Each structure stands twice: as C-alpha cells, then as structure tokens.
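What follows is one structure encoded as structure tokens, with my remarks underneath.
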Amino acid sequence: MVRPTVARIDLRALSSNYRAVVDAVTSESARRRAAPPGVIAVVKANAYGHGATQVARVLEQAGASLLACADIEEGTALRAAGIQAEILVFGALSVSDLDGVFDGRLTPTISTPGAASAVQAAAARYRQRVRYHLKIDTGMNRLGFRFDNLSRTLPDLLASPNL
C-alpha cells in the first residue's frame, strides 16, 4: 500500500527560522568585525513543494530582500503573485527567454561568456543596466565560468556597459 506524503508548513516557524538565520549570521559577522553576508531565501521548485507564493510572501515579510528561483517562469509567477523582493534566477538562461528577465525585473545568473554576451545585448536593447549573479565553477565541472580561466574570461564581462 502506497501512503501519500503530506507536508504541513508552519509559516510562523518559517518566518522565525529565517530571522534566526539572519540574526546568527549578523552576530557572527559583528563578532568578527566583518560585514555580514547576505542571505538568499531559496524558493525554487515551488519552494521545494511547499508553495512558492506563500513561502516567498512570508519570507519577504520577515525581511528577505533576495529570493531565488530556478528559472524565469518561476520568477515571473512570483512577480505575478505580488512579490516585490529582488528575485535571482539560479538556472541557465535561454537566449529566447531573456525578455522575461526584463519584464519580470529578475536578476539573471551569468554562467558562461555566451550568456554574458546575450544578457549584455538584451540589456542594451532595453537600455538598462542589469545586476547579475556570477556563477563560477570551482571544481564540480557542472556550471559556471571556469575558475582557472577567469583572468581570460572576466575582463570582457566586467567591461560590459550594461551589466
């Protein structure tokens, strides 16, 4: 007999846990006299099956200023639900989907020189300067600029007028 799995999410606990993580990171940074790192609240894959819209809304109310999703469609759905926080798209970008980055006010992840060129061209077309997340492959060889080739690939990216 197969029993269905049910997850019940306590949104108050989620909010409290998010604030506890931020407080812990902030306290540790203060102890070390360093600037605290940002906390990215990941809500990709429908918040791992827990309801992206509800989870994103609670995290935003708890103070999350940066949410992350897997693709442009997920980011667009969050915007349609009224989410105002910055939304980072973790996944690789398709050139045909780049309009969604601008329509949804999303932050793309740039993981290849080709993606950098495509986002730069789209940003120029939209006459916008775009914040981006730079993905560097530090050894898993899955996705990102190769760390051992950065001195050759990064100068062009960093010189892009719209990125």
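Of the residues making up the stretch 30-50, those that are at pLDDT below 90, under 24 Å from LEU106 (Cα atoms) and not in a helix (DSSP H, G or I) are PRO36, PRO37, GLY38, HIS50.
Looking across the stretch 104-119, just one residue is surrounded by fewer than 17 Cβ atoms within 10 Å (Cβ to Cβ), in contact with a strand residue (DSSP E or B) (Cβ under 9 Å, 6 or more places away or on another chain) and part of a helix (DSSP H, G or I), and that is PRO113.
Give me the residue from the stretch 79-98 that is in contact with a strand residue (DSSP E or B) (Cβ under 6 Å, 6 or more places away or on another chain) and modelled with pLDDT of 95 or more and, out of that set, most open to solvent (accessible area, probe 1.4 Å). The extreme case among them is GLU86. Exactly one residue among VAL55, VAL101, VAL25 is out of contact with any Asp or Glu (no Cβ under 9 Å at 6 or more places or on another chain), surrounded by 12 or more Cβ atoms within 10 Å (Cβ to Cβ) and without any contact (Cβ under 8 Å) to a residue 24 or more places away in the chain, and that residue is VAL25. Among the criteria (1) under 28 Å from ALA56 (Cβ atoms); (2) modelled with pLDDT under 95, the one ASP156 does not fulfil is (1). Please work out which residue is nearest to VAL55 (Cα to Cα), limiting yourself to the stretch 1-29 and to residues that are part of a helix (DSSP H, G or I) and among the hydroxyl-bearing types (Ser, Thr, Tyr). Within the stretch 1-29, the match that is nearest to VAL55 (Cα to Cα) is SER15.
For the stretch 137-160, a residue qualifies if it is open to solvent by 70 Å² or more (accessible area, probe 1.4 Å) and touching a Phe, Trp or Tyr at 6+ places or on another chain (Cβ under 9 Å), and exactly one does: THR138. Pairs meeting the criteria (first residue in the stretch 112-140 and β-branched (Val, Ile, Thr), second residue at pLDDT below 95 and in a helix (DSSP H, G or I), beta carbons under 6 Å, at least 6 apart or on different chains) are ILE136/PHE147; THR138/PHE147. The set of residues in the stretch 78-96 being over 16 Å from LYS44 (Cβ atoms) and either touching a residue at least 40 places away in the same chain (Cβ under 8 Å) or not in a loop (DSSP other than H, G, I, E, B) (or both) consists of ALA80, VAL95, SER96. State whether the residues of the stretch 125-136 include one that is polar (S, T, N, Q), open to solvent by less than 70 Å² (accessible area, probe 1.4 Å) and not in a helix (DSSP H, G or I). No, the conditions are met nowhere in the stretch 125-136.
The values are calculated or read from the model by the stated rules, or taken from the named source; none is laboratory data. Predicted model only: the values in this text are computed from it and were never measured. Using ideal geometry, Cβ is built from the backbone for each residue, glycine included, and neighbour counts are taken over all protein chains shown. Just so you know, the surface numbers come from the protein's heavy atoms only, side chains and all, with ligands and any DNA or RNA stripped out. Shrake-Rupley method; radii C 1.70, N 1.55, O 1.52, S 1.80 Å.
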